[in-house]
Amino acid sequence: MRAARLLLEPPNHAGLALYRYLREHDTSKQAARALLDAIAASSITKVKVYENAFERWKAALSGAVFLEATARTPLAIGLGNASPIENGLSIHHTYGTPYLPGSALKGLMARAARHYGLDERQQEILLGTTQKAAHLVYWDGWLDPSSRQPFQKDVITVHHPDYYSGGQCWPTDFDDPNPVGFLSVKPGTKFCLALSSSSENATDWLYTAAEILRWGLEHLGLGGKTNAGYGYFEVRLPPKPKSQAELGEELYQGYKARIEKIKPNNERGELSFFLQELRDKPAPLRKPTLEAIRKHLQGWRVWNPGRNPQHAEIEQLLGEHT
Amino acid sequence: MQTKAFFLQALTPVHPGTGQVSGSVIDLPVAREAATGFPLIPASSLKGVLRDGRADEAANKVFGSLEQMGELTLTDARLLLLPVRSYAGTFALITCPLVLQRWQRDAEALGLSSKLSQPSITGEEALAGSAIQYNNQVILEDIDLKVKGSSEALAKAISGLLFGKEEPDLMERLALVSNDVFSYFCQTGLEVIARVRLESASKTVASGALWYEEAIPAEAVFSSFALAKDAAHFAELHRRPYLQIGGEASVGRGLLRVLGGV
């Protein structure tokens, strides 16, 4: 770093500040503390460009399932990233916001999946294997622009440095504690996570994955120091849209009474009503109702698709599904 | 022959891999041009993604089959704008005279009428937008550049090519830097992501399972050209407004937006 730069306040970009604007390595760590204070006090989300990028990213992922994850406890993810103050943090390269790496979410998903007891095929679809790519994409979790000031100065204090570094001497009350400052994400910070798939009809899988990931974020924790209570979230899932089969069942429940009233003398009129209603509906949607009609007519012993063109059409509409 | 210029804007970091392990600190580097070292997305990656696995007659005609060559030709998507962390304005979008000259030369060779102005800049100076200036300087990572003038005219031209209008985020962040500075950031200013694999039982890093990946950061813009016998084939470029290109797709890399309709 150039000498002239030492006189500048740290920049708004937290990543740049953390990696390039430490003034000196003094023994009392004053400079590191001042830098962390400055980053914790900075508000990154006033920047319009990030809000635009966030909206653009969400718009690009139409069809994705979005989870809203709010940190219940501090979050320390990417502690091992290279940094002049020894402890790093996952900070978005371009925007300087904290983010949840997609690779970390996928790793958490793999752990949570074991708790859920998924079989091999399910794991292959959700997570992939070394032979086969996953069908799902675990996008980086973006900071929700409503979370202002997401950073906080954190400290970890090593009370018995000699004991930990060599193990040659026993820890005592006379050891010098060594406080180490680092940057973490404040509790209450909100992230937006997205899961998507390029395969068609993957909605059920996406919701299954979202449910498992939620469990992982709430119970296993993400990032470092989870045993010290870091990295636990409260997650909100979007309500799952009803599947075609469920909608078909609802449709049938609405018609149930009417189907039971079909008698030989009103059969033709009723069947033409139902055929008109159902003919253009998607196959899974019309299936329960048509099956009920067939069963009802079979009960009357009048089912004869060979002779009756209406019966034949019902048979054909049901057949298309299988 | 019909020709068309189009652009790709990265919404998430992009990793067009080389398929090779490098000898440097970075285990998985991104693809680069051999002569300049500028990152790029190979045309073959782009073509594969646009084809999207289709093998019907229409797709074979456009993209080719074993029997017949495809009628759509794509060029490598070269880096046009690189985002670099900036002291003021969070990040700057930088480009350089060489990049602009090459685009202009290729566009002229293909008979396109669009023009990009060709301002010159050398040494440690820059033409810069308003948001990234601090005390008449542009401070990028570890490099301080003196502001020689405004980048407004150039930003207007590039913004017009990309968006068909003046996009404020680009207008205020564009910086024209010298070829050397651009090259420096192409080598050292890309995003480096540390990855680990944990042992599930102990939650410690598995032995040897720490690696560094390079990625072209979000907000980068690439330029490419398409050539075809029939202009109708260009519809393939815009069949989907967003593409996912390159490696590490399942952890969210490589989401790109297709821009431009020259």
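Listing for the model above:
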{"quantity": "Rounded to whole Å, sorted largest first: equivalent-ellipsoid semi-axes of the stretch B:148-211, Cα gyration tensor", "calculated": "42, 16, 8"}
{"quantity": "Qualifying GluC sites (Glu not before Pro) in the stretch B:89-165, DSSP loop, other Cβ atoms within 10 Å at most 11", "calculated": "none"}
{"quantity": "Above-threshold pairs, the threshold being 26 Å between Cα atoms, out of A:LYS106/A:LYS186; A:LYS153/B:LYS146; A:LYS106/A:LYS153; A:LYS153/A:LYS190; A:LYS240/A:LYS287; A:LYS106/A:LYS240", "calculated": "A:LYS153/B:LYS146; A:LYS106/A:LYS153"}
{"quantity": "Pair-distance profile P(r), taking every C-alpha pair of the stretch A:224-322, with 5 angstrom steps and integer %", "calculated": "2, 11, 20, 20, 13, 6, 3, 3, 3, 4, 4, 4, 3, 2, 1, 0"}
{"quantity": "Cα centre as origin, Lys/Arg/Asp/Glu Cβ charges: the stretch A:226-298 dipole, Debye", "calculated": "220"}
{"quantity": "Accessible-area value, B:LYS156, 1.4 Å probe, nucleic acids and ligands omitted, Å²", "calculated": "100"}
{"quantity": "The stretch A:143-283, relative contact order in percent, only Cα pairs under 8 angstrom and at least six apart counted", "calculated": "16"}
{"quantity": "Convex hull of the stretch A:88-222 built on C-alpha atoms - directionally averaged projected area, nm²", "calculated": "12.2"}
{"quantity": "The stretch A:67-225, relative contact order [Cα under 8 Å, separation at least 6], %", "calculated": "36"}
{"quantity": "For chain A: relative contact order, % (alpha-carbon pairs under 8 angstrom, 6 or more apart)", "calculated": "20"}
{"quantity": "Sites A:ALA245 and B:LEU227, calculated FRET efficiency, Cβ-Cβ separation with R0 56 Å, nearest 0.05", "calculated": "0.70"}
{"quantity": "Net dipole in debye of chain B [+1 Lys, Arg Cβ; -1 Asp, Glu Cβ; about Cα centre; nearest 20]", "calculated": "380"}
{"quantity": "Gaussian network model of chain B, Cα within-10 Å springs - most flexible of B:ALA43, B:ALA59, B:ALA109", "calculated": "B:ALA109"}
{"quantity": "Gain in span if fully extended, A:LYS295 to A:GLN149, counting 0.36 nm per residue against the direct Cα distance", "calculated": "46.2 nm"}
{"quantity": "Alpha-carbon radius of gyration plus Dmax, which is the widest Cα pair, for the stretch A:123-183 in Å", "calculated": "21.9, 56"}
{"quantity": "Positive-pole candidate from A:SER198, A:PRO179, A:GLN310, dipole of chain A, charges at beta carbon", "calculated": "A:GLN310"}
{"quantity": "Span per principal axis, largest first, for the Cα atoms of the protein assembly as shown (Å)", "calculated": "98, 76, 41"}
{"quantity": "Coarse-grained scattering of the stretch B:23-159 at q = 0.11, 0.12, 0.13, 0.17 Å⁻¹, given as base-10 log I(q)/I(0) from a Debye sum over alpha-carbon atoms", "calculated": "-0.59, -0.68, -0.76, -1.05"}
{"quantity": "For the protein assembly as shown: accessible area per residue (Å², 1.4 Å)", "calculated": "47"}
{"quantity": "Per-selection metrics, chain A (Cα): Rg and Dmax in Å", "calculated": "29.7, 99"}
{"quantity": "Convex hull projection area averaged over all views, chain B, Cα basis, nm²", "calculated": "16.3"}
{"quantity": "Distance between the stretch A:104-131 and the stretch B:223-240 - C-alpha centres, whole angstrom", "calculated": "38"}
{"quantity": "Fraction of alpha-carbon pairs over 28 Å apart in the stretch A:1-160 - percent", "calculated": "35"}
{"quantity": "Whole-percent carbon and sulfur share, accessible surface of the stretch B:46-195, 1.4 Å", "calculated": "49"}
{"quantity": "Size of charge dipole - the protein assembly as shown - debye, nearest 20, with Cβ of Lys, Arg +1 and Asp, Glu -1, no other charges", "calculated": "1360"}
{"quantity": "Trypsin sites (Lys or Arg not before Pro) within the stretch B:195-246, DSSP loop, no more than 15 other Cβ atoms inside 10 Å", "calculated": "B:LYS203, B:LYS229, B:ARG239"}
{"quantity": "Residue order for A:TYR95, B:TYR184, A:TYR207 - accessible surface, 1.4 angstrom probe, largest first", "calculated": "B:TYR184, A:TYR207, A:TYR95"}
{"quantity": "Farthest toward positive dipole pole in chain B [+1 Lys/Arg, -1 Asp/Glu at C-beta], among B:VAL196, B:GLN137, B:SER65", "calculated": "B:SER65"}
{"quantity": "Those residues of the stretch B:75-108 whose amide nitrogen sits under 12 Å from the label point placed on B:ASN179, 7 Å along Cα→Cβ", "calculated": "B:96-102"}
{"quantity": "Globularity ratio of the stretch A:106-150, using Cα Rg and 2.2 N^0.38 Å", "calculated": "1.53"}
{"quantity": "Candidates A:GLY88, A:GLY107, A:GLY117, ranked by Gaussian network fluctuation over chain A, Cα under 10 Å, top entry", "calculated": "A:GLY117"}
{"quantity": "Per DSSP, loop trypsin sites (Lys or Arg not before Pro) in the stretch A:205-311 with at most 16 further Cβ within 10 Å", "calculated": "A:LYS242, A:LYS261, A:ARG279, A:ARG301, A:ARG307"}
{"quantity": "Förster-model FRET efficiency, 22 Å R0, B:ALA209 and A:LYS132, C-beta, rounded to 0.05", "calculated": "0.60"}
{"quantity": "Straight-distance crosslink candidates among lysines, where the alpha carbon sits under 19 Å from B:LYS115 and sequence neighbours closer than 8 are dropped", "calculated": "B:LYS4, B:LYS156, B:LYS165"}
{"quantity": "Taking only Cα atoms of the stretch B:1-90, radius of gyration then Dmax in Å", "calculated": "16.6, 55"}
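The values are calculated or read from the model by the stated rules, or taken from the named source; none is laboratory data. Predicted, not measured: the structure shown is a model, and the values here were computed from it. Neighbour counts run over all protein chains shown; Cβ positions are idealised from the backbone, glycine included. Side chains included, ligands, DNA and RNA excluded: accessible areas come from the protein's heavy atoms. Shrake-Rupley method; radii C 1.70, N 1.55, O 1.52, S 1.80 Å.
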